[in-house]
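Scroll down for the structure; my scribbles are underneath it.
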Amino acid sequence: MKYRYKTVKLLAAILFCVSFNVWAEPYIVEASTTSFGNQIVPGFGACDLAYDTSVLTNTSGSICSGTTGSRGHYKVFAAANTTVRIVLSAHNNNGDGVIFYPVGVVFSDSTAPVPFLEQNTINIDSGTSGIVEIYVGGTLTLVSKPSVSTSYNFTYEIDYSEI
């Protein structure tokens with residue numbers, strides 16, 4: 001009987017050590033995609049997407065045909081109460097005639113929203129949940145006139161890491 005007790009006690013100690021030492025890398029999930037609406041009017045110009053309301057506003061020309069787009073929403077899952085570094089990079093014209101400069105906010109359950117512009121480094125506490133929320137809007141600029149049937153799919157980078 002004592003032998004079983006010691007075995008159980010030892011097993012509990014081993015399980016505690018193993019679960020305590022497990023380390024997970026942070027990862028990101030896209031909750032909603034950044035979108036400037038269903039149709040972009042062929043031409044030169046720029047359009048802003050508000051990160052808080054998803055409202056579209058033409059700032060040069062009339063390339064956005066609608067009044068509402070979709071702000072991007074991303075969640076970075078990290079260890080609770082750690083500092084997470086976030087950097088969003090622009091999509092620069094790589095021959096497709098499209099430039100996108102992201103702007104938005106980053107926050108967690110322990111921090112107020114922190115505004116960002118592209119290429120700014122944000123260091124933020126992941127809070128008790130370990131989840132850092134990112135809302136993205138920004139400015140879409142067309143620097144070359146697309147054909148009527150052109151579909152635009154472009155990428156921008158969200159770099160994240162625990163520090």
Hits in the range 97-120 (condition: acidic (D, E) and either crowded, with 20+ Cβ neighbours inside 10 Å or within 28 Å of K145 (Cβ to Cβ) (or both)): E118
Contacts under 9 angstrom Cβ, first residue in the range 105-116 being closer than 9 Å to G127 by Cβ, partner loosely packed, with under 14 Cβ neighbours inside 10 Å, 6 or more apart: S108/T128; D109/T128; S110/N81; S110/T128
The range 122-135 - residue that is within 11 Å of R85 (Cβ to Cβ) and within 13 Å of the chain's Cα centre (by Cα) and, of those, surrounded by the fewest Cβ atoms within 10 Å (Cβ to Cβ): I122
Sole exception among (1) over 16 Å from A46 (Cβ atoms); (2) modelled with pLDDT under 90; (3) of a type in the set (S, T, N, Q) for N93, by number: (1)
Selection count where residues are small (G, A, S) and loosely packed, with under 15 Cβ neighbours inside 10 Å, scope the range 36-65: 5
Residues that are in contact with a Ser or Thr (Cβ under 6 Å, 6 or more places away or on another chain) and among the charged types (D, E, K, R), drawn from the range 44-71: D48, R71
Breaking point among (1) in a loop (DSSP other than H, G, I, E, B); (2) at pLDDT below 90; (3) over 22 Å from the mean Cα position of the chain (by Cα), for E25: (3)
Strands (runs of 3 or more DSSP E) lying entirely in the range 44-163 (those with 3 or more residues that are of a type in the set (S, T, Y) and closer than 20 Å to P26 by Cα): none
Residue list for the range 136-146, restricted to those being crowded, with 24+ Cβ neighbours inside 10 Å and touching a Cys at 6+ places or on another chain (Cβ under 8 Å): L140
Unique residue being out of contact with any Cys (no Cβ under 7 Å at 6 or more places or on another chain) and over 26 Å from I131 (Cβ atoms) when the list is G104, G69, G45: G45
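The values are calculated or read from the model by the stated rules, or taken from the named source; none is laboratory data. Computed from a predicted model, the values in this text were never measured in an experiment. Heads up, the Cβs are rebuilt from the backbone with ideal geometry, glycines too, and the neighbour counts pull from every protein chain shown.
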